[in-house]
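Everything on this sheet refers to the single structure shown next.
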Amino acid sequence: MAATDAIFFLSFLFFLWFFCSFLVKSIRSHRNGGTKALNPPPSPPAIPFIGHLHLLGSVLAKSLHSLADKYGPFIQLRMGASECYVVSDANLAKEVLKTNELNFVSRLEFDTSDYNIYRGSGFITAPYNAYWRFMKKLCMTRLLSTTQLNQLVHIREQEMEKLVESLVETSKKGESCELKQALMTMTNNVICRMAMNTRCMGTENEARDIKKFVNQIVALGGKLSMGNVLGPLAKLDLFGHGRQLEKVLRKFDGLVEKIIKEHEEKQMNGAGSSLEGRDLMDILLEISQDPNAEMKLTKKEIKAFFLDVIIAGTDTSALTSQWILAELINHRRVFSKLREEINSVAGPNRLVKESDLPNLPYLQAVVKEALRLHPPSPIVLRECIEDCKINGYDLKGKTRMIVNVYTIQRDPSLWTDPEEFIPERFMVDSDKNPEQRQLDIRGQNFSYLPFGTGRRACPGSSLAYTVVQFTIATLVQCFDWEVKGGEKINMDEGSGFSMGMAHQLESYPITHFNPFSSNSKMA
């Protein structure tokens, strides 16, 4: 009887899905006058109801990479009830993200909004409006400006020393290290201390709890984003992911509310964070209380901003550092050359500092090459605001646009030996640099977009780039790395938008230089 009920229930769901999809399609057809775009981009063969879902694997960027090889650099896909366009070519990316930027300046907001207590208050997915422009200006001029980052350099250096100290202890014990967790703890502490002066320490472990909540929010948000496939059926929250998301968001909200009150009390008592520099919370609270501010910030918007910062800042920096160290372990020549450069600048008795980074061009080349092969945002998501033409094709408004950065940065017509890890390609006037690339991370050249480009480029790219460089310089200077149970690191990509490593990077840190020994100087 139970099996019969289950079959009936599944049949009912299928009928409901079919009916809702048919209804939505009919309404759209009626609104468009029953006509289709005159010349849409080419599309692979589709299956009724599911569209092209059968062509997409768990690693989305790699699936799109394969589709681009087979069907061309500009295609249209249908994922259940949702349609999107996919661009996998640098020139087409330029036409979308620069020539027609204002028509693609909006980012996607996934179908989590019904359960998102910060709905309409976020910065990353906010529409291109006065609020978004105000927050972007605030990021560039105050929150993430060079001046603000320099004032908080001591936080990054302190957290780096704690990471080294823990790895030295691991080395003494002869134990292996799962590097992903160590790097995420470090980057989470950096972001939380810079944002709201809290870290994974003491009895309350606020930063640890924040990270736990954020991990749950990201996981549930990813599941809910698949609701786009089901169309109107997603609103029923059949699996309860929406209700779970709301519950976790309220826990996060309560913890950040507590931190806000602590900051407000310190400001009232004249005991702000002046000794360590003002954190981002201090600045935002000051703006929210300023009657002359260009826009009035609410506590809800402040909390939503910090959620965005932690989601965007912690995982991407840690995962990128992990990818770079894995490439260096697999390429010992590059590792040795990089260590020589670091020692030539920092000397034999001093831990490398953040101020040394501008004098380490090979380190910069190593990081840029890793960002090419393993971009923190392998796909750029946008929305076509209104009907337009791109490369002669007719595009419909309110349709998703995916720019496949992963494929563009591996295009053999743009990059020599695109699948190989060759940092020298980013060195100026190098014999091994046939492209003679003087590329930066700001997305001015559309063959290289690790942090996006234009108005919607990552506002924290300078901070992320600095943290990653500093992390790699420190780990290379202080440790040799021996792989556990194998000769080389498995470099398969895992699922998820950030596309981290599919397998754990577990290795033994062998102390090469201990900055805490009596013979070392910490100046």
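Students often get this wrong, so check it: of K136/K162; K136/K223; K212/K303; K173/K337; K180/K484, which have C-alpha atoms separated by over 26 Å?
Details: K136/K162 32 Å; K136/K223 28 Å; K212/K303 16 Å; K173/K337 28 Å; K180/K484 15 Å.
As for pairs spanning more than 26 Å Cα to Cα, those are K136/K162; K136/K223; K173/K337.
Taking a straight Cα-Cα cut-off under 20 Å and skipping sequence neighbours fewer than 8 places away in the same chain, the lysines within cross-link reach of K389 are K36, K94, K98, K398.
All other residues with a Cβ under 10 Å from the Cβ of M135 taken together, and with Lys, Arg as +1 and Asp, Glu as -1, what is their net charge? Could the numbers behind the result be given before it?
On the way: positive: R133, K136, K137; negative: E301, D308.
Net local charge, M135 excluded: +1.
Protection proxy ranking, highest mean first, for peptides 162-172, 89-99: 89-99, 162-172, where packing is the per-residue count of other beta-carbon atoms within 10 Å, averaged.
What does the charge count near I260 come to, summing +1 for each Lys or Arg and -1 for each Asp or Glu among other residues with Cβ under 13 Å from its Cβ? Spell out each step's value before the answer.
Numbers: positive: K258, K261, K266, K299, K300, K303; negative: E206, D253, E257, E262, E264, E265, D279, D282, E286, E301.
It works out to a net charge of -4.
All C-alpha to C-alpha distances of the range 287-328, sorted into 10 Å bins beginning at zero, yield P(r) values of 25, 28, 21, 16, 9, 1 percent in whole numbers. Across the range 402-417, computed HN-Hα scalar couplings (Karplus, 6.51 cos²θ - 1.76 cosθ + 1.60, θ = phi - 60°) run 10, 9, 8, 4, 3, 6, 4, 7, 10, 6, x, 7, 10, 10, 6, 6 Hz from first to last residue, x flagging Gly and Pro. The amide H of S106, built 1.01 Å from its N in the peptide plane, has E383 as neighbours under 5 Å, considering only residues 5 or more places off or on other chains. All other residues whose Cβ lies under 13 angstrom from that of G57 are scored, Lys and Arg at +1 and Asp and Glu at -1, for a net of -1. Computed from phi, the 3J(HN,Hα) profile of the range 315-324 under the Karplus parametrisation 6.51, -1.76, 1.60 (θ = phi - 60°) reads 5, 4, 5, 5, 5, 5, 4, 5, 4, 5 Hz, with x in place of Gly and Pro. Using alpha-carbon pairs under 8 Å, 6+ residues apart, how would you state the relative contact order of the range 345-397 in percent? Across the range 345-397, relative contact order equals 18 percent.
Working ranking of peptides 461-467, 214-220 by packing, defined as the average number of other Cβ atoms within 10 Å per residue, highest first, is 461-467, 214-220.
Every number here is computed from the coordinates shown, using simple stated rules; none is lab data. From a predicted model like this one, the values you see are computed outputs, not experimental measurements. Neighbour counts run over all protein chains shown; Cβ positions are idealised from the backbone, glycine included.
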